[in-house]
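**Student:** Okay, handing you the structure first.
The values are calculated or read from the model by the stated rules, or taken from the named source; none is laboratory data. Keep in mind the model is a prediction, meaning the values are calculated, not measured. Glycine also receives a Cβ, built like all others from the backbone with ideal geometry; neighbour counts cover every protein chain displayed. Protein only, heavy atoms only, side chains kept; ligands, DNA and RNA dropped before computing areas. Shrake-Rupley method; radii C 1.70, N 1.55, O 1.52, S 1.80 Å.
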Amino acid sequence: MSTPSDKTTFIPLSEPLIDGREWEYVKECLDTGWVSSAGRFVDRFEAELAKRLGVAGAVATASGTAALHVALLLAGVGSADEVLVPSLTFIATANAVRYCGAWPVFMDAEASHFQVDLDKVANFLEHECQWSRGQLRNRSSGRRVAAIVPVHLLGHPVDMDQLLALTAKYGLAVVEDATQGLGSLYKQRPVGSLGSLACLSFNGNKLLTTGGGGMIVGNDEQLLARGRYLTTQARDDAAEYIHRSVGYNYRLSNLAAAIGCAQLERLDDFLAAKRALAANYAHALRGLPGLVLPTQAAWAQSAWWLYTVLVEEKEFGLSSRELRGRLKEAGIESRTFYQPLHLSPAHAGSQAYHCEVAERIWSQGLSLPSSVGLQPEDQNRVTEVIRDAAR
Ligand SMILES: *Cc1c(COP(=O)(O)O)cnc(C)c1O
């Protein structure tokens, strides 16, 4: 838990805040013996999150990555299909595509909010794909293009109306990667309720944590039932252990869900804290030459998961890496962007479509400490180091 610190206390990028009823709920699990993948907290966590997002149902999973894997399967992504994935995202998004035997095709980011560039996606679909026997195929690979995964990067929503118009036109499934976007709104509607299916993560550095965990949410009850089946070893007959498919052991434990229920009670406070952090950063850092502060689109209410600036080396006087070094010397953790996935050795075999903006954001981007419990004195320490570095 965060307490005001002196000049030497380490300030992490993002740490969980555990100050609600977590202990009480976990104790209930331990006292009653309901610690594994069945139990009232799993059901409650699913029901409460679905209600919060305004969707029909949810399936809790062992991680956000597991949620993405199964959601893509539910969306009909099969082996040798292709899925459009932003190059600028955490690698788990693309790995989940490979787990299905399918291939990511990497799309660029737009410069204003770092989300997937939908104009480039439109160009790709129009000029690089063609219809063949009722299926949309990538001209260069000959593979079926089955789906797109919009990632609400850093908590800012993707322009979903523009995206959904494209996916309707080209018949693509939409699996939202809302792992960084829980609590953000697109035109007043919650992110995670806008595609056919969406995935959440409750890893330690996400807005809510269960230690580790994830969730698939959506409106199609049949699909969700299939998701529950696949994440529970595809058990058709529990007494006789008959399985008609190869399933996965991907369920969330009741212990983890107990933490999640307590965290969820704090969601609005956490979001308010993130908004306040963003407003403080915007106030304290404005006007520094070469430091580009993040903004929200007119239709967006960001969850401000990680407050991320661009450092323009010539004007600022330091590169993003050098500024990261200055912060580190002062005991402050910051983080440059993920390596764009079209450059990732792990995905060397995949196609990319003009991802130059993603490369620039990668070289300039720097995420600043954004813990929900970050104290004002500590945030001042961060902004002072940056203001000093700028001089
Ligand atoms: C965190 C994250 C994931 C994976 O979630 P885990 O719970 O860590 O498996 C996937 N996509 C993005 C964009 C993430 O930030």
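**Student:** In segment 181-196, which residues are open to solvent by 10 Å² or more (accessible area, probe 1.4 Å), modelled with pLDDT of 95 or more and not aliphatic (A, V, I, L, M)?
**Tutor:** Listed by number, the residues that qualify are G183, K187, Q188, R189, P190, S193.
**Student:** Ok, one more. Would you point out the residue of segment 236-251, among those that are exposed (fewer than 15 other Cβ atoms within 10 Å of the Cβ) and of a type outside the set (A, V, I, L, M, F, W, C), that is modelled with the highest pLDDT?
**Tutor:** N249
**Student:** Output the qualifying pairs, or none if there are none: Cβ atoms under 7 angstrom, residues six or more apart or on different chains, first residue in segment 180-198 and of a type in the set (K, R), second residue modelled with pLDDT of 95 or more and more than 16 Å from the ligand (Cβ to nearest atom).
**Tutor:** Close Cβ pairs satisfying both conditions: K187/W299.
**Student:** In addition: Out of curiosity, is A94 closer than 30 Å to R360 by Cβ and without any contact (Cβ under 8 Å) to a residue 60 or more places away in the chain?
**Tutor:** No; evaluated as a whole, the condition is false for this residue.
**Student:** Which members of segment 290-308 meet the condition of being assigned to a loop (DSSP other than H, G, I, E, B), within 21 Å of F337 (Cα to Cα) and more than 16 Å from the chain's Cα centre (by Cα)?
**Tutor:** Within segment 290-308, G290, L293, P294, T295, Q296, A297 qualify.
**Student:** Could you please tell me which pairs satisfy a Cβ distance under 8 Å, a separation of 6+ or placement on different chains, a first residue in segment 252-269 that is at pLDDT 95 or above and open to solvent by 10 Å² or more (accessible area, probe 1.4 Å), and a second residue that is among the acidic types (D, E) and not in a helix (DSSP H, G or I)?
**Tutor:** Cβ pairs passing all conditions: R266/D19.
**Student:** Can you give me the number of residues within segment 20-52 that are at positive phi and buried (at least 16 other Cβ atoms within 10 Å of the Cβ)?
**Tutor:** Of the residues in that region, 1 qualify.
**Student:** Taking segment 142-160, which residues are within 16 Å of C100 (Cβ to Cβ) and in a loop (DSSP other than H, G, I, E, B)?
**Tutor:** Of everything in segment 142-160, those that are within 16 Å of C100 (Cβ to Cβ) and in a loop (DSSP other than H, G, I, E, B) turn out to be R143, V149.
**Student:** Of all residues in segment 96-132, which are in contact with a helix residue (DSSP H, G or I) (Cβ under 8 Å, 6 or more places away or on another chain) and of a type in the set (G, A, S)?
**Tutor:** If the condition is that a residue be in contact with a helix residue (DSSP H, G or I) (Cβ under 8 Å, 6 or more places away or on another chain) and of a type in the set (G, A, S), then A96, A102, A109, A111, A122 are the ones that fit.
**Student:** Moving on to the next point. Determine which member of the set A165, A146 is free of Cβ contacts under 8 Å to residues at least 40 places away in the same chain and either among the β-branched types (V, I, T) or away from the ligand (no atom under 16 Å from the Cβ) (or both).
**Tutor:** On the way: A146 fails: free of Cβ contacts under 8 Å to residues at least 40 places away in the same chain.
Unique residue meeting the criteria: A165.
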